[in-house]
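S.K.: I am attaching a structure below and will ask some questions about it afterwards.
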């Protein structure tokens, strides 16, 4: 691209010279590998397995850049995590871009570079994609869709379904909830005060790999994104028709997140995360898994926060610090818009 071409033009989406230069000088430059370099309409993959995990997600966050990440790192990590918590080893990603006319190419470059870096760190390849440019005002700067393919070992197939969840299982989380949502809120600069909260956006596969290596009795995993931990807890209770009891005193805490939530009337259990996984494991293996989680960067603040119970099937209950109990209701509406 020429130096004076500092913004996305409609020409960048018309299939001609501008688009080809954008693809070759930006996307293929950063995502470079022999598969994407072939310029074929479909990526030809050698998977050598009968069990494939496949997921897709779209990212429309506002703002695009925030403490701890940006829409690009979020798009890669979010899709990697969906594969990982299903028990799969992430292998390949696609990346689709819808870009608003006038978007700065320098900002797009920062985003694409961060995607390439996250993929490289995870040992996965971005092998195909698509670019569309829309008229100014028809898209809020940039939307990204990523799809992912992972290799799933037969013994982990039940992890995503929760079919083996039973009374007496323990519930673990790898750190304090709510950091991503509160980081985004701060990045919107709606308030005069400031905090040091950063998004927890991270690739969870190294943590998940260690968990699955430590115990053969991991019964369920889910990353707590939109709707937060409370949504995952309710999903387990309803899906498995079990009761759940969470002990508020055992939840890992980010003091700044909790203070901001209290000030604004939010509950951190319902705030979005992009680097938190809820794990259900056999009670006999819980301490072993906890110790293993704490040996990883994304799990150093891990905790056992509750258990599966035969009481009140289909409902989740929070044991409060004051000694009372309350139902953890399902989320109604959005606490925060455009969070991922």
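The values are calculated or read from the model by the stated rules, or taken from the named source; none is laboratory data. What you are looking at is a predicted structure, and each value in this text was computed from that prediction instead of being measured. In this analysis, Cβ positions are derived from the backbone assuming ideal geometry, glycine residues included, and neighbour counts consider all displayed protein chains.
S.K.: Are any residues in segment 122-140 surrounded by fewer than 20 Cβ atoms within 10 Å (Cβ to Cβ), touching a helix residue (DSSP H, G or I) at 6+ places or on another chain (Cβ under 8 Å) and part of a loop (DSSP other than H, G, I, E, B), and if so, which ones?
M.R.: Matches in segment 122-140: 135 only.
S.K.: Please indicate, with yes or no, whether at least one residue in segment 253-272 is crowded, with 17+ Cβ neighbours inside 10 Å and farther than 27 Å from residue 189 by Cα.
M.R.: The answer is no, given that none of the residues of segment 253-272 is crowded, with 17+ Cβ neighbours inside 10 Å and farther than 27 Å from residue 189 by Cα.
S.K.: If I ask for residues that are loosely packed, with under 13 Cβ neighbours inside 10 Å and farther than 15 Å from residue 64 by Cα, which ones from segment 188-202 would you list?
M.R.: Selection gives 190, 191, 192, 193, 194, 196.
S.K.: Among the residues of segment 45-52, are any at pLDDT below 95 and within 16 Å of residue 113 (Cβ to Cβ)?
M.R.: no
S.K.: Does segment 76-97 contain any residue that is exposed (fewer than 14 other Cβ atoms within 10 Å of the Cβ), touching a residue at least 40 places away in the same chain (Cβ under 8 Å) and farther than 30 Å from residue 137 by Cα? So that I can check it myself, show each step before the final result.
M.R.: Filtering segment 76-97 for residues exposed (fewer than 14 other Cβ atoms within 10 Å of the Cβ) gives none.
Scanning segment 76-97 turns up no residue that is exposed (fewer than 14 other Cβ atoms within 10 Å of the Cβ), touching a residue at least 40 places away in the same chain (Cβ under 8 Å) and farther than 30 Å from residue 137 by Cα.
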